[in-house]
1. Would you say Ile41 is outside any helix (DSSP H, G or I), within 21 Å of the chain's Cα centre (by Cα) and surrounded by 16 or more Cβ atoms within 10 Å (Cβ to Cβ)?
2. Of all residues in the stretch 51-70 being in contact with a Ser or Thr (Cβ under 8 Å, 6 or more places away or on another chain) and hydrophobic (A, V, I, L, M, F, W, C), which is surrounded by the fewest Cβ atoms within 10 Å (Cβ to Cβ)?
3. Considering only residues of the stretch 64-89 that are of a type outside the set (A, V, I, L, M, F, W, C) and not in a helix (DSSP H, G or I), which is farthest from Tyr30 (Cα to Cα)?
4. Could you pull out the residue among Phe213, Phe160 that is more than 13 Å from Gly87 (Cβ to Cβ) and in contact with a strand residue (DSSP E or B) (Cβ under 7 Å, 6 or more places away or on another chain)?
5. Please work out which one of (1) in contact with a Phe, Trp or Tyr (Cβ under 8 Å, 6 or more places away or on another chain); (2) surrounded by fewer than 19 Cβ atoms within 10 Å (Cβ to Cβ); (3) at pLDDT below 95; (4) not charged (D, E, K, R) is the condition Val73 fails and give its number.
6. For Ala32, state whether it is within 17 Å of the chain's Cα centre (by Cα), within 18 Å of Phe160 (Cβ to Cβ) and of a type outside the set (Phe, Trp, Tyr).
7. Taking the stated definitions as given, is Leu20 of a type in the set (A, V, I, L, M) and modelled with pLDDT under 95?
8. In the stretch 12-38, what residues are among the basic types (Lys, Arg) and exposed (fewer than 14 other Cβ atoms within 10 Å of the Cβ)?
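The values are calculated or read from the model by the stated rules, or taken from the named source; none is laboratory data. No experiment lies behind these values; they were computed from the predicted model shown. Cβ atoms come from the backbone with ideal geometry, glycine included; neighbour counts cover every protein chain shown.
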Amino acid sequence: MNLKLDTAVPSGRGVRRFALTELAVWASLYPAYLAVRGSAIGEQDTAVKHASQLIDVERALSVAHEQALQSFVGDEAEFFSTYYLLGFGPLIAGFLVWLGVRHRALYREMRTLLMVSLGIAVVFYVRYPTAPPRLVPSLGMSDTVGLSGHDTGSVGGIRFNPYAAMPSLHVGWSLLVALIGVRATRRCLVRALFLIHPLAMAIAVTATGNHYFVDSLAGAGVAVLAVGVVAGARRVRPAITPMRRHRPDGKLIA
């Protein structure tokens with residue numbers, strides 16, 4: 001998918017209309033996603049059981065090293081806790097604003113990918129509630145971010161779901177940021193930072209006790225699947241869109 005970077009400067013009225021439209025989209029769809037996720041909070045025993053199943057899979061693949069990673073991070077836990085918090089919501093919001101101002105076509109693509117990935121991920125959250133490592137006592141992992149209060153809280157009457165560990169949208173959305181980010185800039189250093197971001201987030205979500213390694217892999221898979229779905233929809237669209245005919249004077253024939 002080759003998109004030319006936007007160079008035209010939109011009018012003030014156009015910017016306001018665009019901003020209001022996009023705010024309305026996010027203000028309606030994202031809370032709806034949170035409501036579905038929050039209303040589908042599974043039982044603790046079920047969530048821990050699913051977590052045990054994931055751990056068994058990791059052990060079979062010899063990748064069950066969450067505790068070792070947290071111990072290795074050690075004194076840097078505070079850095080990764082901060083990265084976990086700021087590298088998701090705040091970074092993505094800032095990235096979307098930047099795209100909306102500088103690269104409108106890429107913004108629309110990014111927004112669509114985020115929405116599609118949300119739709120895919122919420123199916124897992126509803127059907128396969130999974131306790132994160134920090135909520136599985138037998139693993140002995142610390143909650144370095146301090147999310148215990150968050151787990152039982154709510155916003156606007158929508159409860160937070162502590163069992164939405166699988167897949168990790170922190171990692172999935174970080175990968176989408178990287179994929180779009182490298183297309184939005186030609187600076188090698190900035191591109192390198194975009195490419196490092198998903199890996200750094202994968203380390204952060206595990207080092208903080210919030211996700212298993214397989215959650216990160218699944219999150220990346222959700223992102224790749226979203227890219228495939230959007231690309232497939234674009235290929236199908238011309239085939240189902242009726243051909244528009246025009247009169248010699250250029251006016252559209254109804």
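1. Numbers: outside any helix (DSSP H, G or I): yes; within 21 Å of the chain's Cα centre (by Cα): yes; surrounded by 16 or more Cβ atoms within 10 Å (Cβ to Cβ): yes.
Considered against the rule, which asks whether it is outside any helix (DSSP H, G or I), within 21 Å of the chain's Cα centre (by Cα) and surrounded by 16 or more Cβ atoms within 10 Å (Cβ to Cβ), Ile41 comes out as yes.
2. Among them, the one singled out is Leu69.
3. That would be His65.
4. Answer to the check: Phe160.
5. For Val73, the failing item is (2).
6. In short, yes.
7. It is true that Leu20 is of a type in the set (A, V, I, L, M) and modelled with pLDDT under 95.
8. Taking the stretch 12-38 first, the residues among the basic types (Lys, Arg) are 13, 16-17, 37.
Across the stretch 12-38, the qualifying residues are Arg13, Arg16, Arg17.
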